[in-house]
Amino acid sequence: MEKAEYMEKAAQHIVDADEEAVEKLAREYLIEGFDPIEMIEKGLSEGIRKLGVLFDRGEIFLPHLIIASEAMTTAVKILEQAMPADQVGKKLAKVVIGTIEGDVHDIGKGIVATMLRVYGFEVFDLGRDVPIATFVEKAKEIGADVVGSSALMTTTMVGQKALEKALKDAGLRDNLITMLGGAATTEHWAAKIGANFWAESAGDTVMKLKEIFS
Amino acid sequence: MKKHLTRRGDGALIEMTSEEIMIALEAGTEDAADRGKIAPLSKDDLECLLDIFMDTNRVVSVAHGEEVVVTHDIGTLRLMGDQGNSGVGIPLSRLQGIQVHERAFCSDTMELGHIDYSFKPVKPVIAMEQQEMESALLSTIIPLFYGAMPNLGTYYSPDGPFGNPSDLLPAGKVKEAYEAQESAVEHATRDMVYVGQKLAQVGCDGINFDTTGAAGDADFKATLHAVEKLKKTTDLTVQVGMAGEFVLGMHGGLEYGGRRLAGLYCHDQVKLAEKAGADIFGPAVNTKPSKDMPWNLARAVTFVKACVEVSNIPVHVNMGMGVGGIPVFETPPIDAVSRASKAMVQIAKVDGL
């Protein structure tokens with residue numbers, strides 16, 4: 001099989017969330033002696049990109065995305081066996097994410113966390129109703145590159161402002177990026193409280209973070 | 001080039017030329033047509049929308065004879081709740097709130113709602129809700145609904161007995177997430193039917209399932225089953241109001257009447273609500289804060305128009321903060337609200353707001 005055909009098939013197996021097929025394909029690809037990094041970047045990642053578009057359009061759903069991300073992980077693990085040690089397990093950035101204190105709405109935040117994992121970010125999902133101090137402690141502990149908070153209610157979005165201040169007080173703010181989202185928030189709100197950016201959807205979050213870290 | 005005042009999706013006042021407005025209108029309707037696989041607005045419809053945006057009056061309205069039913073959800077929280085709860089913080093009883101809507105606001109219908117506004121927490125206080133409903137019915141003449149959210153989130157941990165799909169799915173526990181949602185459907189259906197039947201006993205005129213589908217396809221499925229059961233066992237009028245223009249696939253495999261629920265847009269949602277026996281359908285189209293109002297309104301009108309065209313029951317579109325082309329802003333500006341409402345009546349041909 002030509003290399004281009006391998007790329008096409010890898011992308012399609014990811015779109016189909018077919019773990020068995022992508023695993024077999026990755027093994028065959030290595031036997032052929034092709035570059036494993038190229039398959040991750042041009043085959044598997046293309047599949048993930050297509051999935052993102054389909055998810056945004058409501059044509060595939062969350063469980064499919066999860067199963068596809070597992071298929072991606074399996075294929076990457078096989079390809080990593082033939083990669084230089086310094087390239088193995090490489091993540092784009094470390095992201096701490098959670099729904100702000102007082103707010104229990106976390107469906108959207110969960111989708112953002114899942115999409116970021118699928119796209120190669122290391123995500124530390126703190127869950128819902130997360131105290132400000134917990135965001136700060138986790139960011140410090142893992143050396144976060146990004147801290148993201150979600151708020152669905154106008155009563156809880158003020159917590160995002162408190163988070164900005166807490167990160168400054170802890171001396172962390174200058175070394176990381178803050179992003180926020182949730183139905184109650186807007187770009188104007190993000191600018192007003194000094195967050196680095198606001199994201200409208202899971203796809204928007206991925207696109208903006210990829211621009212920064214790729 | 002003359003500029004016209006309009007809004008961004010987050011409520012900010014902006015200026016656009018008529019050419020810029022038309023470009024945004026065309027892009028908005030195309031986005032809806034592409035996603036929903038429905039017809040875009042016609043040239044005449046787009047020109048009508050352009051006229052609405054170019055009207056120099058701050059508040060616009062429809063002509064005599066084109067008025068539609070105006071009803072309300074969220075109970076009386078709009079008056080009693082604080083600003084963070086979409087209200088104005090006036091200390092009124094719920095009965096007083098209903099009477100204000102009837103006698104001062106001239107609402108066509110009104111609803112009673114619990115402070116938690118979800119069906120599950122109403123269950124343990126149903127006797128109080130029955131008493132309040134009865135008092136309200138005896139001192140008003142407008143049709144009175146009881147309103148609450150199906151809110152399947154209250155059935156998942158930490159608030160309910162089942163695992164939370166938002167935790168289970170990222171952990172790769174797909175089967176467990178499916179099971180949790182399927183169990184929640186059963187329990188939520190039972191609770192909604194129980195609450196509805198109890199309220200019917202005291203003469204409640206109708207029940208409003210508000211923000212249906214907010215927790216995904218399982219939320220929609222539970223509501224459809226509850227509607228079906230209530231229509232068979234009570235004489236309640238049933239309204240199904242949605243949470244968004246498409247049903248989020250948290251499960252992805254759930255069906256009703258042989259149709260997969262995940263990913264359905266307004267024009268398909270209404271057919272299932274109809275099949276379950278609903279009397280009124282309330283589509284909701286979410287506003288994108290990053291886009292301007294012409295884009296958002298053209299998109300919302302396109303989805304709603306397609307819904308009205310196929311519906312055999314009255315369509316009362318959701319209009320308010322962040323829905324129906326109206327900006328995401330706590331107190332939506334009147335110029336935006338009146339323009340969006342006029343467009344829904346004149347172009348989408350809705351039966352009510």
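The values are calculated or read from the model by the stated rules, or taken from the named source; none is laboratory data. Just so it is clear, the structure is predicted and the values come from calculations on it, not from any experiment. For neighbour counting, all protein chains shown are included, and Cβ atoms are generated from backbone atoms with ideal geometry for every residue, glycine included. Heads up: the accessible areas ignore ligands, DNA and RNA and are worked out on the full protein's heavy atoms, side chains in. Shrake-Rupley method; radii C 1.70, N 1.55, O 1.52, S 1.80 Å.
Annotations for the structure displayed:
- Subset tally (residues that are assigned to a loop (DSSP other than H, G, I, E, B), in contact with a helix residue (DSSP H, G or I) (Cβ under 6 Å, 6 or more places away or on another chain) and among the aliphatic types (A, V, I, L, M)) for the stretch B:120-161: 1
- Candidates in the stretch A:110-125 are the residues that are within 11 Å of residue B:170 (Cα to Cα), open to solvent by less than 20 Å² (accessible area, probe 1.4 Å) and of a type outside the set (A, V, I, L, M); of these, the one that is nearest to the other protein chains (Cβ to nearest Cβ) is A:110.
- So residue B:6, is it surrounded by 18 or more Cβ atoms within 10 Å (Cβ to Cβ), over 21 Å from residue B:350 (Cβ atoms) and touching a Pro at 6+ places or on another chain (Cβ under 7 Å): yes
Every residue, every condition in (1) under 27 Å from residue A:50 (Cβ atoms); (2) surrounded by 17 or more Cβ atoms within 10 Å (Cβ to Cβ); (3) in contact with a His (Cβ under 8 Å, 6 or more places away or on another chain), yes or no:
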| residue | (1), (2), (3) |
| --- | --- |
| A:146 | yes, yes, no |
| A:157 | no, yes, no |
| A:163 | no, yes, no |
| A:168 | no, no, no |
| A:171 | no, no, no |
| A:184 | no, yes, no |
| A:191 | no, no, no |
| A:203 | yes, yes, no |
| A:211 | yes, no, no |
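- Note on the stretch B:138-178: residues that are among the polar types (S, T, N, Q) and at the interface with another protein chain (Cβ under 9 Å from one of its Cβ atoms) amount to 2.
- Tabulated pairs, the stretch B:336-349, first free of Cβ contacts under 8 Å to residues at least 24 places away in the same chain, second open to solvent by less than 20 Å² (accessible area, probe 1.4 Å), C-beta under 6 angstrom, 6+ apart or interchain: B:337/B:326
- The stretch A:111-140 residues that are closer than 22 Å to residue A:169 by Cβ and free of Cβ contacts under 8 Å to residues at least 40 places away in the same chain, paired with ones that are surrounded by fewer than 20 Cβ atoms within 10 Å (Cβ to Cβ) and among the polar types (S, T, N, Q) (beta carbon under 8 Å, 6 or more apart): A:126/A:134
- Hey, residue A:180 touching a helix residue (DSSP H, G or I) at 6+ places or on another chain (Cβ under 7 Å), surrounded by 20 or more Cβ atoms within 10 Å (Cβ to Cβ), under 24 Å from residue A:58 (Cα atoms) and in the same structural domain as residue A:105 (by TED's automatic domain parsing) or not: yes
- Scanning the stretch A:74-108 for residues that are away from every other protein chain (no Cβ under 14 Å) and in a helix (DSSP H, G or I) yields A:75, A:76, A:77, A:78, A:79, A:80, A:85, A:86, A:87.
- Screening the candidates B:239, B:201, B:181 for the property of being of a type in the set (S, T, N, Q) and within 14 Å of chain A (Cβ to nearest Cβ) yields one hit, B:181.
- Of all residues making up the stretch B:170-217, the number that are open to solvent by less than 50 Å² (accessible area, probe 1.4 Å) and without any contact (Cβ under 8 Å) to a residue 12 or more places away in the chain: 3
Here's the yes/no breakdown for (1) away from chain A (no Cβ under 14 Å); (2) over 27 Å from residue A:200 (Cα atoms); (3) open to solvent by less than 80 Å² (accessible area, probe 1.4 Å):
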{"site": "B:30", "(1), (2), (3)": "no, no, no"}
{"site": "B:35", "(1), (2), (3)": "no, no, yes"}
{"site": "B:51", "(1), (2), (3)": "yes, yes, no"}
{"site": "B:74", "(1), (2), (3)": "no, no, yes"}
{"site": "B:88", "(1), (2), (3)": "no, yes, no"}
{"site": "B:92", "(1), (2), (3)": "yes, yes, yes"}
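- One residue stands out in the stretch A:93-109 among those that are open to solvent by 50 Å² or more (accessible area, probe 1.4 Å) and modelled with pLDDT under 90: the one that is nearest to residue A:47 (Cα to Cα), namely A:105.
- Output for the stretch A:37-51, where each listed residue is touching a Leu at 6+ places or on another chain (Cβ under 9 Å) and either β-branched (Val, Ile, Thr) or within 21 Å of residue A:110 (Cβ to Cβ) (or both): A:37, A:40, A:51
- When each of B:71, B:17, B:109 is tested for being in contact with a Phe, Trp or Tyr (Cβ under 9 Å, 6 or more places away or on another chain) and over 22 Å from residue B:303 (Cα atoms), the lone residue that passes is B:109.
- Hey, residue A:71 open to solvent by less than 10 Å² (accessible area, probe 1.4 Å) and not assigned by TED's automatic domain parsing to the domain that holds residue A:206 or not: yes
- Screening the stretch A:1-34 for residues that are in contact with an Asp or Glu (Cβ under 9 Å, 6 or more places away or on another chain) and not in a helix (DSSP H, G or I) and picking the one that is nearest to residue A:60 (Cα to Cα) gives A:17.
- Any pair with Cβ under 9 angstrom, 6 or more apart, that starts in the stretch B:126-144 at a residue that is over 16 Å from residue B:104 (Cβ atoms) and ends at one that is open to solvent by 70 Å² or more (accessible area, probe 1.4 Å) and not hydroxyl-bearing (Ser, Thr, Tyr): B:130/B:201
- Breaking point among (1) more than 14 Å from chain A (Cβ to nearest Cβ); (2) in contact (Cβ under 8 Å) with a residue 60 or more places away in the chain, for residue B:11: (1)
- If you go through the stretch B:37-47 and keep only what is open to solvent by 80 Å² or more (accessible area, probe 1.4 Å) and either in contact (Cβ under 8 Å) with a residue 60 or more places away in the chain or within 14 Å of chain A (Cβ to nearest Cβ) (or both), you end up with just B:37.
- Qualifying residue in the stretch A:38-47 (condition: of a type in the set (S, T, N, Q) and either within 14 Å of chain B (Cβ to nearest Cβ) or open to solvent by 60 Å² or more (accessible area, probe 1.4 Å) (or both)): no
To keep it simple, each residue is scored yes or no on (1) on the phi > 0 side of the Ramachandran plot; (2) modelled with pLDDT under 95.
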site: B:153; (1), (2): no, yes
site: B:157; (1), (2): no, yes
site: B:162; (1), (2): no, no
site: B:166; (1), (2): no, yes
site: B:172; (1), (2): yes, yes
site: B:181; (1), (2): no, no
site: B:186; (1), (2): no, no
site: B:191; (1), (2): no, no
